[in-house]
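The values are calculated or read from the model by the stated rules, or taken from the named source; none is laboratory data. A quick note: this is a predicted structure, and the numbers were derived from the prediction, not measured. With ideal geometry, Cβ positions are generated from the backbone for all residues, glycine too; neighbour counts draw on all protein chains shown. SASA here: full protein model, heavy atoms, side chains in, ligands and nucleic acids out. Shrake-Rupley method; radii C 1.70, N 1.55, O 1.52, S 1.80 Å.
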Amino acid sequence: MKTVEEIKAAIEAAVPGAKVEIVPNPGPSGEHSLLLGHEQAVEVARFLRDDPELALDYLSNVTGVDWLDKEVTEKVKVKRQVTKTVDGVEQTVEETVDETRKHVEPGYLEAVYHLFSMARKHGPVVLRLRTGNRTDQVEVPSLTMLWRAAEFQEREVFDLYGIVFKGHPDLRRILMWEGFKDHPMRKDYVEPDDYEYEPTAHDQVLKRAQAHQAQAAAMGQEGAGAGQ
Amino acid sequence: MAIDQELKIEMGKQGVFVTTIQELYNWGRRSSVWPMQFGLACCAIEMIATTMARYDLARFGAEVFRPSPRQADLMIVAGTVTKKMAPQVVRLYNQMAEPKYVIAMGACAISGGPFKQGYNVLKGIDRYMPVDVHIPGCPPRPEALIQAFMTLQKKIDSHHLTGEGRPRYLDPDAPGEFKVPEPGEHDLEPASNQGVWPVPVVIR
Amino acid sequence: MSTFETIPESTSQTSAEHLAERLSKSITAAAEADRREGWNRPPVFLPESENGVLEVAMGPHHPSTHGVFRMDVSVDGERVIRLKPVFGYLHRNHEKIAEGTAYLASMPYTDRLDYFCSLTNNWAYALAVEKLAGIQVPERAEYIRVILAELTRIQNHAAAVGFLLQDMGASGTPLMYAFREREKILDLFEQLTGSRMMCNYMRFGGCRVDVTDAWLDRARRLVAGMPQFVDEFEALLTTNEILMVRCQGIGALKPDLAVNAGVTGPMLRATGVNYDLRKVDHYGIYDRFKFRIPLGDHGDVYDRYMVRILEIREAVHILEQALKEIPAGPIMDPKTKLRGFRPKPGEAYGRIEAPKGELGFYLISDGGSNPYRYRVRPPSMINLTVLEDMCLGHNVADVVVILGSVDIVLGEVDR
Amino acid sequence: MAATFDQIFILFRNWLVHFLPPAWQPAAGALLGVIGIVAVFPGLFALTTLLERKGLGRMQNRYGPNRVGPFGLLQPVADGLKALTKEDVVPFNANGLMHLLAPLVMVVTVFMSFAVLPMGRHMELVDMDAGLLFFFAMGAATELSVFMAGWSSRNKYSILGAMRAVAQMISYEVPMLLSSVAVVMIAGSLSLPKVVAAQNHYTGIFPHWYVFTPWGFGAALMFAIAAIAETNRSPFDLPEGESEIIAGYHTEYSGFKFALFFLAEYLGMFALSGLGVTLFMGGWSAPFSFLTWIPSWIWFFAKVMLAICVFIWMRGTLPRLRQDQLMNFAWKFVLPYSLLVLLVTAFWRFLPPGWERWVVCTVILAVAYVVMGRAAFKLKRVGPRSYRYAE
């Protein structure tokens, strides 16, 4: 089994112009993954499947991950001109100051593919595809035409995360019903409020029930807590 | 007749004549409750296990699992009812012929159980249709299902054909069918059938 | 009554034509009556399109779909020309719930994935977390895991074959025999873990409670009686002509398609592909046991049936070895603390050979007490990818049998 | 004394009837016979459902119904009561009249076929010269009612079930008729009492039942297969195969109409078992000459119940065939074999009595059976397989 770096080199040799990045995995499992660019993703995947040395003929797992917009706080040393009174004389002094800067790293949706080889019995090779953002650029290329195994799993990722797989033959909702609007596995999904009743003290559920009742009382809604 | 009219009326008021038919009627229905062949999730496996060799629900005359709702008397809601499945469950209940009974088997069917926090899980089937017996447990053991079955038999035995406490299907004013919820854009519509399920009070 | 009014009194046509015309006329009349009454639905049983294709929605309540699964089948006569599986009727948001709770609290939820094999699900999850956090498992715990997993495999395969025969129309007898053995195994589980089906037994770095010698003796007695049960089962089924006619050549699957579609488990091995994670990954301590992987050549329903039967026999061999060699020692890794368990940031994909195929758990940790991403790779669902390919051209009755031979559990398909 | 017991029902009827003027006596006698049939067979049906449930239970390591009444004996009564008091659902766009008529037609025609069955010595309602023909005519009406039920329900599963049922019943009616014709050829009469009389004599202690002759055995086998298919019992229970098409043509029936279908199915079983017993197993005649003192009607019902037990046994063990396999089986095996049996019966009829005709007939039938069976399996490429292992 080649290491990730070797695979990356092999890909770059075989598919000219392929954008491949290694996403390191700091955990003990050490399964580093390859981030593919959208344009060449299908060719790269085809190379991985058909290359006799790698022979990754078996796509085990396709899944989505939702990375929210992150507010990153970092301390930056900034040089600036400060007017100071030193010894009674006003001077312009250059000074290095620590400044906290905040910026929002845009979130993205990610599709993760775990590849194994049944012929050579090795693996896994982890591929990642990222969308531009979480709202309007949610397209990634589909790998279903290479591995049938992705058919239902990509549909599931589409259903639950809203990643649109370009080139998927039958991209419909799979777990939720047709006509459902939300993507419930996203981290910012808000559930429908149907926690009217909870007989047992069940961690957050009781809180939600109480919140529901408070809200219903505020809206002056009858029946929410009145017993009828 | 030796009985004078007044006594007859008096006994009729107390239900003497009615009672004998009623007993036969109740006995017949309670001794031959045919469940519908209908399973949803984990509890369905325990339901199957109940009908199998060791527990043998057949002893009560209830092994005739009918696949068609028209021919079944008892619906065992065995497992998690999801919001996608709830309309079908209610429709199946509407398709059953009266008299019909419902056993909510397991925590999920009662209240959503361990999956209560799920966005697609219905928090209790009794939001949409009347339930006769609830069995707690996740999943309930087969013995619990047999216990529920016997509880249902006792309940059928106590039914009166007339008067105040008569069951729903003998009451011409009671609804025969329940509204089938429609899957909406975010949730089922309506979220519960008013009239079937009075919203209870949260005890803080 | 309108039916009779539309029938012409005298006729010079042949009787078949007459009957057809009569039928169509009365159907039209009934449809018109429906329309008059504001019932806009077309008559339900008629072929919808001109070429005589009938659309049948099998499920979600159907006796043979093993739960709440739906197949939209288009049949031409009784021949299937299109089949689309529809799931989600048991989508219980397992992944979302697990992302909101602690690592340990997801263990009971894994029981309810594939509710026939709670212990292998436990193991797969424990394995993934152990890989994520780098936890070692003591030897005795590994033996216990192997014993429980193989017992699970036996009861799952026996029940799967029973359900397959049930779908084929045997009035319950094989299923009853299978469940008789299953109950014996469940008794063992109950004695050890306290629950028949939802065992919630394994922990990261070991197991929850230790097995006693009495339990091991009981397990040995059970395993000793198992070959006799399989012989009885096979005598009832394997060479039955009706079973052979119903199963052989039905739903054949090509090995290359199976590999490409990610099919795993007995279904893959029935096509002749030698891929068993117990041999490939050597997870746990499977490299210590001698066992063989049965392989089919045709990939049809009969091969899947036989591969399951033969896997029961091999599982019995593994159990015999494991129960003989089980060492004394601790059952939990002392360094692992279960409460307040916070693995370092990272990700891991752990997989085992569950009775239905490759069961994988993909976990991403951000250093918190909850997994950031928790994903189950369900074998049942991915094995269904090829359902349409297997069913095309066969009869409706075969669809039922093919689905039975895939051996799905809806808790796992929809999660 | 034995003769009195043998004829006890006839004597009782004659005694009841002799109070009436002679002109009314035949009609009243027939009416009493009808009442007898209508009373006995539903009772037997109730017992048989219980027997089936308990018998199946025993085959599956369990008890079966035993809570309702002593040993569960009142279970059928409870089922009947329940069915009577259950709501009768007619689907909204079903054809109400047909929906109502279908079970009635089915039950009535099945009852009528009992008219020609000799249930004991002189115990037949009508001794019709063309009794066998009448029986099959009535049996054919079942198909009509099945199709009425499936069509009028306006349900996809119902219509699929009805189509299957009609195809299956028509296909199996042919071999059933053919194998009965073999008996007619030997007995020389279509009248069922005469067929029984032809079998009711003994060589030593053994009876002259047709099933003990080579052609009779072959015909009885084909008849049994066809009878199982006609009554929609496992392994030929496709029309109501619940794992495929819910409940087949009676999917939309509830309450008492469904109970009537159930009744008709079992009555059909009794009727066909009775016919089979009459044609091949000597009807009401005793199996051994020294047992002739036992009343004839006991023998008839004992044999019928034996056949029913075989039905139950088959149901407990065998999976179901598929529709095309069922049809192939009917047209490619059962029908040709029945024709062959007919031919062999002709040989038997015209060969001189002696061991030679036994040998000739047995050899022809056995060889044909083996060859045809092998050919069927070879053509389908079906057989036991061996498996390889990977280490």
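What the table below lists for this structure:
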| quantity | calculated |
| --- | --- |
| Only one of D:ARG385, D:ARG381, D:ARG349, D:ARG357 that is more than 25 Å from the chain's Cα centre (by Cα) and on the phi > 0 side of the Ramachandran plot | D:ARG381 |
| Some residue of segment D:253-270 being at pLDDT 85 or above, out of contact with any strand residue (DSSP E or B) (no Cβ under 6 Å at 6 or more places or on another chain) and within 20 Å of D:VAL211 (Cα to Cα) | yes |
| Hits in segment C:71-93 - residues which are more than 8 Å from every other protein chain (Cβ to nearest Cβ) and touching a helix residue (DSSP H, G or I) at 6+ places or on another chain (Cβ under 9 Å) | C:MET71, C:VAL73, C:VAL75, C:ARG79, C:VAL80, C:ARG82, C:LEU83, C:LYS84, C:PRO85 |
| Among residues of segment D:133-150, those that are crowded, with 23+ Cβ neighbours inside 10 Å and farther than 16 Å from D:VAL110 by Cβ, counted | 1 |
| Residue match in segment C:134-142 (condition: more than 19 Å from C:ALA354 (Cα to Cα) and in contact with a Phe, Trp or Tyr (Cβ under 7 Å, 6 or more places away or on another chain)) | yes |
| Conditions (1) surrounded by 12 or more Cβ atoms within 10 Å (Cβ to Cβ); (2) within 13 Å of chain A (Cβ to nearest Cβ); (3) at pLDDT 75 or above: number failed by B:VAL201 | (3) |
| Residue in segment D:309-332 that is open to solvent by 30 Å² or more (accessible area, probe 1.4 Å), within 30 Å of D:GLY43 (Cα to Cα) and of a type in the set (Phe, Trp, Tyr) present | yes |
| Whichever residue in segment A:51-72 is touching an Asp or Glu at 6+ places or on another chain (Cβ under 9 Å) and without any contact (Cβ under 8 Å) to a residue 40 or more places away in the chain and, among such residues, is nearest to C:ILE382 (Cα to Cα) | A:LYS70 |
| Filter result (touching a strand residue (DSSP E or B) at 6+ places or on another chain (Cβ under 7 Å) and either under 19 Å from C:LYS344 (Cα atoms) or open to solvent by 40 Å² or more (accessible area, probe 1.4 Å) (or both)) within segment C:79-105 | C:ARG79, C:ILE81, C:ARG82, C:LYS84, C:ALA98, C:GLU99, C:TYR103 |
| Near pairs, Cβ below 6 angstrom, 6+ apart or cross-chain, from segment B:162-176 (modelled with pLDDT of 75 or more) to any residue that is open to solvent by 40 Å² or more (accessible area, probe 1.4 Å) | B:ARG166/B:HIS160; B:ALA174/B:ARG168 |
| Residue within segment C:220-232 that is open to solvent by 30 Å² or more (accessible area, probe 1.4 Å), over 18 Å from C:TYR177 (Cβ atoms) and touching a helix residue (DSSP H, G or I) at 6+ places or on another chain (Cβ under 6 Å) present | yes |
| Residue match in segment C:288-295 (condition: more than 29 Å from C:ALA141 (Cβ to Cβ) and within 12 Å of another protein chain (Cβ to nearest Cβ)) | yes |
| Complete set of residues in segment D:199-216 that are in a helix (DSSP H, G or I) and either surrounded by fewer than 18 Cβ atoms within 10 Å (Cβ to Cβ) or at pLDDT 90 or above (or both) | D:PHE212 |
| Subset of segment D:11-40 [touching a residue at least 40 places away in the same chain (Cβ under 8 Å), surrounded by 16 or more Cβ atoms within 10 Å (Cβ to Cβ) and out of contact with any helix residue (DSSP H, G or I) (no Cβ under 6 Å at 6 or more places or on another chain)] | D:GLY33 |
| In segment C:245-267, the residues that are of a type in the set (Val, Ile, Thr), facing another protein chain (nearest Cβ under 7 Å) and open to solvent by less than 10 Å² (accessible area, probe 1.4 Å) | none |
| Test: D:GLY255 is small (Gly, Ala, Ser), buried (at least 24 other Cβ atoms within 10 Å of the Cβ), within 14 Å of another protein chain (Cβ to nearest Cβ) and closer than 18 Å to D:SER145 by Cβ | no |
| Segment C:362-407, residues that are open to solvent by 10 Å² or more (accessible area, probe 1.4 Å), of a type in the set (D, E, K, R) and within 13 Å of chain A (Cβ to nearest Cβ) | C:ASP366, C:GLU388, C:ASP389 |
| Meets criteria (modelled with pLDDT under 85, within 13 Å of chain D (Cβ to nearest Cβ) and under 19 Å from D:GLN75 (Cβ atoms)) for B:ARG59 | no |
| Contacts under 7 angstrom Cβ, first residue in segment C:251-280 being more than 14 Å from C:GLY296 (Cα to Cα), partner open to solvent by 10 Å² or more (accessible area, probe 1.4 Å) and not in a loop (DSSP other than H, G, I, E, B), 6 or more apart | C:LEU257/C:ASP389; C:LEU277/C:ARG351 |
| Segments classed as helices (runs of 4 or more DSSP H), wholly inside segment D:283-391, with at least 2 members that are among the small types (Gly, Ala, Ser) | D:296-317, D:335-350, D:355-380 |
| Flag if D:MET169 is in contact (Cβ under 8 Å) with a residue 24 or more places away in the chain and in contact with a Leu (Cβ under 8 Å, 6 or more places away or on another chain) | no |
| Residue in segment D:87-110 that is hydroxyl-bearing (Ser, Thr, Tyr) and outside any helix (DSSP H, G or I) present | no |
| Criterion: under 30 Å from D:VAL174 (Cα atoms) and outside any loop (DSSP other than H, G, I, E, B) - qualifying residue of D:ALA83, D:ALA149 | D:ALA149 |
| Residue match in segment D:210-233 (condition: within 14 Å of chain B (Cβ to nearest Cβ) and of a type in the set (D, E, K, R)) | no |
| Hey, B:TYR55 surrounded by fewer than 23 Cβ atoms within 10 Å (Cβ to Cβ) and touching a Pro at 6+ places or on another chain (Cβ under 6 Å) or not | yes |
| Residue list for segment B:110-137, filter: farther than 23 Å from A:PRO184 by Cβ and either without any contact (Cβ under 8 Å) to a residue 40 or more places away in the chain or of a type in the set (Asp, Glu) (or both) | B:ILE110, B:ASP126, B:ASP132, B:VAL133, B:HIS134, B:ILE135, B:PRO136, B:GLY137 |
| Filter result for D:LEU260 (open to solvent by 10 Å² or more (accessible area, probe 1.4 Å) and within 14 Å of another protein chain (Cβ to nearest Cβ)) | yes |
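So that you can scan it fast, the table gives a plain yes or no per residue for (1) more than 14 Å from chain C (Cβ to nearest Cβ); (2) under 18 Å from the mean Cα position of the chain (by Cα); (3) among the aliphatic types (A, V, I, L, M):
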| position | (1), (2), (3) |
| --- | --- |
| D:PRO287 | yes, no, no |
| D:PHE290 | yes, no, no |
| D:ALA307 | yes, yes, yes |
| D:TRP313 | no, yes, no |
| D:TRP331 | yes, no, no |
